[in-house]
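I have placed the structure first, in the form of structure tokens, so that the comments after it can refer back to it.
Please treat every number below as a calculation from the coordinates, not as lab data. None of these values were measured; they are calculated from a predicted model. Neighbour counts run over all protein chains shown; Cβ positions are idealised from the backbone, glycine included.
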Amino acid sequence: MMPMKALRPIIAICGTTGVGKSNLAVEIALQLASSGRQTCKSAKVINADAMQVYAGMDVITNKIPFSERQGIEHALMGFKSPHEQYVVGQWVKDALDEIDDAHKKDQVPIVVGGTSYWIQHLLFPNRLAKDLDSVDQEERLTSPELEISAELALSLKLLPSELQRLFNCLPETAPSADSDPGEAFQLYNLLKALDDRVAARWHWKDTRKVLRSIRIIQETGRKPSELIQAQSQDIIRPRFRTLCFWVYSSPEALRPRLDARVDRMLEQGLLDEVRTLQVQIKDLAISSDDATMDPASDYTFGIFQSIGYREFHKYLSSPNAGDDEFSAAVKNMKTSTRQYAKRQSSWLRNKLLPMLYAANDCKDEGEVLEPSTFTYLLDATELNESWTKHVRDPAISITNKFLDHNSLPDPLSLSDVARELLAVPLKDTDPSAVLNARRKIICPVCTTNPVQPFMVEEGEEWRLHQKSRIHRRRGYSSLSAAEIEERKRQGRLKKRSGSEHRLELESDGLSMS
């Protein structure tokens with residue numbers, strides 16, 4: 001049955017790094033091309049990996065080789081300069097252009113990548129707070145038509161003079177928290193004075209995010225929290241009729257694959273790519289006549305965020321690095337890769353899945369719409385023949401049924417793993433919920449320098465930090481000798497009291513041992 005309001009089709013393939021997402025996209029595209037279909041008889045793959053958008057650096061970003069693309073068009077891959085910043089708002093705009101082009105050619109857009117954050121904002125409009133790149137010219141603060149919100153106007157009026165000067169003369173690029181912590185913390189103080197709700201989302205060392213939030217204020221005349229609050233009034237309406245495949249592998253099976261992939265990347269020339277990147281950045285700094293420019297050491301910017309660059313940039317930059325340092329860099333890269341895969345799975349299950357499910361509950365003027373998003377987990381824990389049986393074949397079968405608007409199988413029926421991981425509890429998908437989640441707080445005990453405060457995330461991270469050895473040790477160091485002795489005495493009394501209590505239980509026959 002056709003949906004009451006027809007949406008154009010799109011396929012999204014998500015999953016952690018190293019599970020075979022790109023291979024599956026090519027297999028689906030090849031099957032469509034050879035199926036003899038009358039409609040949707042070909043496909044275009046659209047890259048949704050934040051690192052694979054950069055030109056060159058094919059090894060370090062793990063791009064699918066041209067030989068393995070088998071003639072299938074891959075868009076938005078390898079087209080940005082390595083030292084160029086490229087953010088989610090820009091990618092969504094470019095991806096929409098590629099999707100429109102595909103639909104005009106009766107192609108199926110297959111969006112593939114591990115950056116599920118990007119995919120989420122592609123599928124669901126009006127859920128992304130505006131950044132500098134998405135602000136229209138007529139919305140800029142310099143435009144006479146733009147009004148500053150009353151809430152922002154009051155905050156601007158109350159700014160101290162030094163923060164007012166900083167707001168009027170923002171730096172072109174975010175300062176480094178390592179080399180210039182004073183400037184970095186001052187920038188954070190400016191954001192906190194203007195929008196403390198958004199400032200609580202960032203660590204003061206996240207200078208790029210802090211600066212972008214302030215630029216949103218300059219460019220829109222509104223606080224980011226105001227923009228997010230306005231978005232919360234919007235109903236979740238998906239842009240497309242979406243078939244989402246989550247390609248999954250158990251962490252136990254994935255770990256040795258990821259370790260082996262790091263070894264292969266080194267054999268394929270990862271170190272040469274890092275050296276090339278170092279030379280490019282050096283040349284760029286010389287040509288710009290900016291001696292302070294060193295994006296190569298800013299691991300939050302562009303291609304420099306990629307796993308492997310940080311570890312081996314430090315190794316190659318050390319004049320006395322030897323085998324031990326090389327082994328440490330390899331170990332660190334493998335650890336970072338595994339941690340990244342864990343974060344990807346967490347985002348999929350806790351962020352993207354609830355959004356996909358919520359989209360099917362939306363109403364349009366009181367009218368209940370038919371489901372528009374269909375999500376399947378494909379178990380890629382085992383490879384070879386198992387890949388064909390549990391990943392390729394079901395994906396192709398479901399794809400054809402989806403495109404033909406035929407009845408689709410129950411997602412929970414595909415495997416025990418699907419039944420377990422797709423059954424996520426309902427979560428708040430309201431954009432304003434981000435203002436109250438993962439807030440950063442200052443630990444007064446561990447802050448030794450007031451202009452470089454020690455910050456942790458509230459909740460579980462804060463509770464664990466309070467129990468940590470370093471926190472307890474620093475807590476003691478702030479006490480006088482008499483206070484330390486009194487605490488020790490109280491501890492001994494408590495321990496002695498507990499021992500006496502256990503002896504009483506044993507004498508009464510109540511011991512649990």
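Observations on the structure shown:
- What the Cβ-Cβ distance of ILE441 and ASN350 gives, at R0 = 35 Å and to the nearest 0.05, is a FRET efficiency of 0.95.
- Modelled FRET efficiency - R0 56 Å, ASN360 with ASP283, Cβ distances, 0.05 increments: 0.65
- Once the chain from GLU151 to GLN186 is taken as fully extended at 0.36 nm per residue, the excess over their C-alpha distance is 10.4 nm.
- Extension gain, ASP263-SER468: 0.36 nm per intervening residue step, less the Cα-Cα distance, totals 70.3 nm.
- With R₀ fixed at 45 Å, the C-beta to C-beta distance from THR335 to ASP416 puts the FRET efficiency at about 0.95.
- Set LYS80/LYS389; LYS21/LYS401; LYS44/LYS331 screened for pairs whose C-alpha atoms are more than 28 Å apart: LYS80/LYS389; LYS44/LYS331
- Residue-count net charge about GLN466 - beta-carbon cut-off 14 Å; Lys, Arg +1, Asp, Glu -1: +2
- Exposure proxy ranking, count of Cβ atoms within 10 Å, fewest first, for THR173, THR220: THR173, THR220
- Cut-off 20 Å (backbone N to label point 7 Å along Cα→Cβ of LEU30), residues of the range 383-410: 383-401
- Around LEU254: net Lys/Arg minus Asp/Glu count, Cβ-Cβ under 11 Å: +3
- Cα gyration tensor category, rounded, prolate or oblate, for the range 161-242 with a/c compared to 1.5: prolate
- Relative exposure of LEU7, LEU277, judged by other C-beta atoms within 10 Å (fewest first): LEU7, LEU277
- Shape of the range 31-113, Cα gyration tensor, a/c cut at 1.5: oblate
- Environment charge at MET455 (Cβ cut-off 13 Å; Lys +1, Arg +1, Asp -1, Glu -1): +2
- Of ILE11, ILE442, ILE236, ILE216, the sequence from fewest to most neighbouring Cβ atoms within 10 angstrom is ILE442, ILE236, ILE216, ILE11.
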